[in-house]
Amino acid sequence: MFYREAGDFKTTYAKDNQTFPIAFDRYRYYFVLFMAIGIVPFVINDYWANAILLPFLIYAIAAIGLNILTGYCGQVSLGTGGFMAVGAYTSYKLMTAFPGLDMVTITLLSGFMTAIVGVMFGLPSLRIKGFYLAVATLAAQFFLVWLFNKVPWFYNYSASGQINAPERTMFGMAVTGPNAESWVKYLFCLAFVFVLAWIARNLTRGSIGRQWMAIRDMDIAAEIIGVNPLKAKLTAFAVSSFYVGISGALLFTVYLGAVEVGEAYGITKSFLVLFMIIIGGLGSIFGAFAGAAFMVLLPVLLRNILTDGMGWDTALATHFEFVIVGAMIMIFLIVEPHGLARLWALAKEKLRLWPFPH
Amino acid sequence: MPEQLVFAMEVTLNGLMTGVMYSLVALGFVLIFKASGIFNYAQGVMALFAAMTLVGIQDGRVPFAHIINEVLGTDIHYFGWEVPALLAILLTVLVMIGFALFVQKFIFRHLVGQEPIILFMATIGLAYFLEGVSDLMWGSEIRNLDVGLPQGINDTIDQVTFEIFGYGFFIDNLDLWATGIAAVLVAGLIAYAQYTKNGRAMRAVADDHQAALSVGISLNYVWILVWSLAGIVALVAGIMWGSKSGVQFSLSLIALKALPVLMLGGFTSIPGAIVGGLIIGVGEALFEFSIGPLIGGATENWFAYVLALVFLVFRPQGLFGEKIIERV
């Protein structure tokens, strides 16, 4: 009834190629944007920002990044945590070495630094494929975490080995540090998410995105039709690491504020982001958001139900969380290997015909 | 003989022993991978689960005690009996076989024909699931595992080496036992695969699923079989690691250590798993001994992975792996 192409005439190529060709989708997208920018900052409080919105936005960036590498280019990476650490430590070094730099520049530079590191660890992907590559990226994970733990220069020789984000401002408002207000942090992250998601969406449907997908679907065939695997794989690693690095930087500077590398950027983080894209949907930007929302909301929800609602003890609730997350992943893979994004697409297909499916 | 060299020899020996432990975990991977093409990330958690179950049965703990107490408001923890080690091991083997049945029936039977990477991710999910179940069943505290294996320094080796080199080597009895048991286990597995009917079926399935199916081998049966075998290997690995450093969460992380072992040895080769384990064990021990102090130590966290990474660039299929032939 309301979700139709009918009557929506495209008169230019630009209109025909737009991301949301169906008017309803477009309005929904504008509505979500309006809510996110116009409403949420005014009603947000510390609990919502810290428990749900900030981690959601930050992990969404990481999930988009990993989705570019794994979902679009087919290179499984278990080194996400390590690359996030590169972003975090770069931003820390920049923040302390150049107090005058603004946070956007710092965060972008962290992304570029991570992209360079990512390309370095991506080089073996030209020879190593599949599982072997997944395990090889573990080398990045463990080596980088070890490096940041053992070389005191990275944490400015602080006694605890932790890094703490000093207060930095953006347009005169504190973005990092203990005095930053939650709506400022929220808007700061949201700006990054919006721009990065927009870029990712357009990259993946352009020439370079098609090259990635060709490599994913069959690399030898892709090579034969003229895709340069070196270029395709390394750009995927670079772009993916750029996103992951920005996410790691934001996680440290804006969200956590103080970080101990093994704890915040360990192997569990790599798996967390991997789960997000599996549950959300491999090879879909929407899927990255859906997966991030799911994995951020699930523990909060379970904690609310089990601990607060039923009065269970937190240890027990944590164990239960493991069981449920594990089971969810397996169920998703069995029922719908393409994740929430696929379910969403199916729902939209149904909606197009609704209420007269015949 | 210079002192450093003697130390290096001791480090090498201990590295070999650790390598055997890695091989034990890697062996479970190889078994499942060969037969079903599933790269089983959950192998380490299976070792943890098996060891936890063993300790739980030995101590006569009530499974799921924590949750029962929480829901019903009771306060039960123990049945009040203690089960002898051998019987407990047998019972644990039964539990692992039950686990194999569960995994096959509810998970991997529904994933037949999926891409390998999907299967791999499913095993990551399985690892989380099993870890949660293990914690729910037996709690998450560190447990001491004692099945009566001797522990502590081996005096004979200490004395003999003292007479030869003027310095007694520290070799743990437990490591010697682990090496012996691993050798027996591997020999047993190879004999099983070579000389029994089930073993032949296993090898046939590993060779070619469809051909095996067409001569009347039940894939389902073979898969349950290999998962059970992998469960038993996990139990052995769990006993060894558990007696060495207590049964705790970090046990499941040795699975990650087994990955570079597999990469070195090749995913499809049992001898490869053994040799790969030894190389990694010795390599990381020697590296930590010689280079570690210069760059801040704790290099064993990453050395294995980097070694495997560098190695793979030159030989992508591992030492003993089948040559990767790609067709379009």
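Which order do the peptides A:103-112, A:285-294 take when ranked by the mean count of other beta-carbon atoms within 10 Å per residue, highest first?
Ranked by mean Cβ neighbours within 10 Å, highest first: A:285-294, A:103-112.
Please arrange A:Leu301, B:Leu312, A:Leu190 by how many other C-beta atoms lie within 10 Å of their C-beta, fewest to most.
Fewest to most other Cβ atoms nearby, the residues stand as A:Leu301, A:Leu190, B:Leu312.
Please report, largest first and rounded to whole Å, the three semi-axes of the ellipsoid equivalent to the range B:149-280, where each semi-axis is the square root of five times an eigenvalue of the C-alpha gyration tensor.
The equivalent ellipsoid of the range B:149-280 has semi-axes of 36, 16, 14 Å.
Explain nothing, just the number: relative contact order of chain A, from Cα pairs under 8 Å at least 6 residues apart, as a whole percent.
RCO, chain A: 28 percent.
At R0 = 22 Å, how high is the FRET efficiency between A:Ala51 and A:Glu181 if r is their beta carbon distance? Nearest 0.05 is fine.
With a Förster radius of 22 Å, E is 0.85.
For A:Phe286 and A:Thr314, calculate 0.36 nm times their separation in residues minus their Cα-Cα distance, and state this gained length in nm to one decimal.
6.9 nm
Answer with one residue from B:Gln151, A:Val259, B:Phe29: the one whose Cα lies farthest towards the positive end of the charge dipole of the protein assembly as shown, charges on Cβ with Lys, Arg +1 and Asp, Glu -1.
About the Cα centre, the residue reaching furthest to the positive side is B:Phe29.
Taking each residue of B:213-219 in turn, how many C-beta atoms of other protein chains fall within 10 Å of its C-beta, and what is the average?
Whole-number average of other-chain Cβ neighbours for B:213-219 is 0.
Using a 10 Å cut-off around each Cβ, can you sort B:Phe129, B:Phe320 from fewest to most neighbouring Cβ atoms?
Neighbour counts put them in this order, fewest first: B:Phe320, B:Phe129.
If you place +1 on the Cβ of every Lys and Arg, -1 on the Cβ of every Asp and Glu, and leave all else neutral, what size is the dipole of chain B about its Cα centre, to the nearest 20 Debye?
Dipole about the Cα centre, nearest 20: 1360 debye.
Can you run phi through the Karplus equation (6.51, -1.76, 1.60; θ = phi - 60°) for the range A:214-231 and list ³J(HN,Hα) in whole Hz, with x for Gly and Pro?
5, 4, 4, 6, 6, 5, 5, 4, 4, 4, 5, 7, x, 7, 7, x, 4, 5
How large is the dipole of the range A:211-266 about the Cα centre if only Lys and Arg carry +1 and Asp and Glu carry -1, each at its Cβ, rounded to the nearest 20 debye?
Dipole size: approximately 180 debye.
Which value, in nm² and rounded to one decimal, describes the direction-averaged projected area of the C-alpha convex hull of the range A:72-192?
8.6 nm²
So for the range B:3-314, what percent of the C-alpha to C-alpha distances run longer than 27 Å?
Roughly 46 percent, rounded to a whole number.
Nearest 20 debye, what's the magnitude of the dipole of chain A about its Cα centre given +1 on Lys and Arg Cβ and -1 on Asp and Glu Cβ?
880 debye
Provide, for chain B, the number of lysine pairs with alpha carbons under 24 Å apart, each pair being eight or more places apart or on different chains.
Going through chain B pair by pair, I get 7.
Starting at the first residue of the range A:58-75, write each ³J(HN,Hα) from the Karplus equation 6.51 cos²θ - 1.76 cosθ + 1.60 with θ = phi - 60°, in whole Hz, x for Gly and Pro.
Rounded to whole hertz, the list is 5, 5, 4, 4, 4, 5, 4, x, 5, 5, 4, 6, 8, x, 8, 9, x, 9.
Can you give me the Cα centroid spacing of the range B:117-195 and the range A:141-175 in angstrom?
What the calculation gives is 38 Å, centre to centre.
Considering only C-alpha atoms, what is the centroid distance from the range A:307-327 to the range B:208-224, in Å?
Between the Cα centre of the range A:307-327 and that of the range B:208-224, the gap is 40 Å.
Residues with beta-carbon under 12 Å from that of A:Gln75, excluding A:Gln75: net charge, scoring Lys, Arg +1 and Asp, Glu -1?
With Lys, Arg at +1 and Asp, Glu at -1, the net is +2.
Exposed loop sites here are GluC sites (Glu not before Pro) in DSSP loop states with at most 16 other C-beta atoms within 10 Å. What is the longest stretch of chain A lacking them?
Here the longest segment lacking exposed loop sites spans A:6-166.
Which order do A:Ser284, B:Ser214, B:Ser245 fall in if you start with the one that has the fewest other Cβ atoms within 10 Å?
B:Ser214, B:Ser245, A:Ser284
Please report, ordered by residue number, every helix of chain B (full DSSP H runs) that is 27 Å or longer along its axis going by C-alpha atoms and whose mean Kyte-Doolittle hydropathy reaches -0.5.
B:3-36, B:116-138, B:173-195, B:219-245, B:270-290
Can you compute the helix-only [θ] at 222 nm over the protein assembly as shown? Use -39500 (n - 2.57) per DSSP H run of at least 4 residues, normalise by all residues, nearest 500 deg cm²/dmol.
Taking each H run of at least 4 residues, the total per residue is -21500 deg cm²/dmol.
Provide, for the range A:42-267, the number of lysine pairs with alpha carbons under 25 Å apart, each pair being eight or more places apart or on different chains.
The number of close lysine pairs in the range A:42-267 is 4.
Calculate the translational D of chain A in whole µm² s⁻¹ from Stokes-Einstein, where the hydrodynamic radius comes from the Kirkwood formula applied to all Cα pairs, the temperature is 25 °C and the viscosity 0.890 mPa s.
Taking Rh from Cα pairs, D becomes 115 µm²/s.
Work out the mean other chain Cβ neighbour count within 10 Å for the residues of B:257-267 and drop it here as an integer.
Per-residue shielding by partner chains comes out at 3.
Quick one: give the max-minus-min coordinate of the C-alpha atoms of the range A:211-335 along each principal axis, largest first, in Å.
61, 39, 23
Going out from 0 in 10 Å bins, what whole percent of all Cα-Cα distances in the protein assembly as shown drops into each bin?
Percent of pairs per bin, in order: 3, 14, 23, 26, 20, 11, 4, 1, 0, 0.
Per the Cauchy relation, a quarter of the hull surface: what is the mean projected area of the convex hull of the alpha carbons in the range B:183-238, in nm²?
Here the figure is 3.8 nm², rounded to one decimal.
Please give every one of the lysines within straight-line cross-link reach of A:Lys15, meaning a C-alpha to C-alpha distance under 16 Å, and leave out same-chain neighbours fewer than 8 residues apart.
Reachable lysines: none.
Values in this text are rule-based calculations from the coordinates and carry no lab data. Here the structure is a predicted model, which means the values were calculated and not measured. FYI the Cβ positions are ideal-geometry reconstructions off the backbone, even for glycines, and counts take in every protein chain you see.
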